Structures are given as structure tokens and as C-alpha cells.
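Worksheet for the structure shown next.
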Amino acid sequence: MRRGGILHAELSAALARLGHTDRVVVADCGLPIPAGPQVVDLAFSFGVPTFAQVLDGLLAEIVVESAVVAAEVDASNPDCAAVLADRLPLASRVSHEELKALLADAKLVVRTGEASPYANVVLRCGVPF
């Protein structure tokens with residue numbers, strides 16, 4: 001039994017397989033996910049777990065060299081925009097349509113129970129050295 005960190009076996013294993021430049025998506029429960037990337041679905045019910053909870057757990061486990069969010073988050077979901085500004089202040093902004101197109105090249109999508117608009121981020125893995 002692990003002492004802490006991510007306990008979800010499938011997610012923990014998927015994170016261990018990530019390499020430099022791989023894309024990981026933290027998605028709300030409504031984001032359309034294309035065929036291709038591995039999906040770890042954590043959604044239990046609307047709002048559980050939250051986008052912020054899952055993002056914080058992932059940021060504690062992986063090195064992130066860049067992030068991309070939908071520009072629409074700023075006006076449509078100020079609470080999520082504040083979370084993103086706090087955790088990923090240098091995140092690039094693209095249209096929601098452009099963000100959805102990035103999912104095709106993602107290695108991993110982690111689906112949350114978040115039920116608010118534009119609560120999604122594409123993380124690009126870095127290296128710790």
C-alpha cells in the first residue's frame with residue numbers, strides 16, 4: 001500500500017509510462033474525447049472529483065513544461081480560470097475548438113466529475129533535470 005500520492009492503480013501506472021513532451025489532459029465530464037488516448041475516468045457524480053482536486057494531484061506527481069487552456073474559460077468560468085492562474089500562470093490560451101483538436105495527440109486523458117464549462121487543460125510533460 002502506498003503512503004500517499006495517487007492511489008488509483010490505473011492512473012498511477014499511466015503516469016509512470018509518460019515521457020518528455022507527452023500530453024496529459026485533465027477534462028471536465030463533458031469534454032468530447034476522441035478515440036486514441038488512454039482514458040482514466042475518475043468521474044463519480046457531477047462535481048466529484050473536482051477539476052482542481054485532480055489537477056492538484058497530477059501536478060504533485062508529474063513535471064509540466066507547458067499548459068494550454070481554452071480562452072473561453074476566463075469569461076465563462078472565473079472560478080476555474082482562477083485555479084488555472086494560480087497553478088499554471090503561464091498557460092497558453094487557444095479557442096475551445098483548438099483545445100479539442102489537441103486531444104487527438106494526447107497520451108492520457110483524465111476525466112473528472114467537474115460539471116462547469118471549459119474546465120479543461122492540456123499539460124505537456126517535462127523532465128525534472
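Skipping prolines and chain starts, which residues have an amide H placed within reach, meaning under 5 Å, of the one on SER66, given they are 5 or more residues away or on another chain?
Answer set, sorted by chain and number: ARG124.
Over the Cα atoms of segment 20-125, Rg to Rh with Kirkwood Rh, two decimal places? Write out the running numbers ahead of the final one.
Values: Rg = 12.1 Å, Rh = 13.3 Å.
With Rh from the inverse mean 1/r over Cα pairs, Rg/Rh is 0.91.
Under the Karplus relation 6.51 cos²θ - 1.76 cosθ + 1.60, θ = phi - 60°, what is the ordered set of whole-Hz ³J(HN,Hα) values for segment 52-64, x standing for Gly and Pro?
In residue order, the calculated couplings are 4, 4, 5, 4, 4, x, 5, 5, 6, 10, 10, 8, 10 Hz.
Ranked by Cβ crowding within 10 angstrom, fewest neighbours first, how are HIS20, HIS8 ordered?
Numbers: HIS20 10, HIS8 13.
Fewest-to-most Cβ neighbours within 10 Å comes out as HIS20, HIS8.
Since every read-out is calculated from the coordinates, none of them should be taken as a lab result. None of the values given here were measured: they were computed from a predicted structure. Note that each Cβ is placed from the backbone with ideal geometry, even for glycine, and that neighbours are counted across all protein chains shown.
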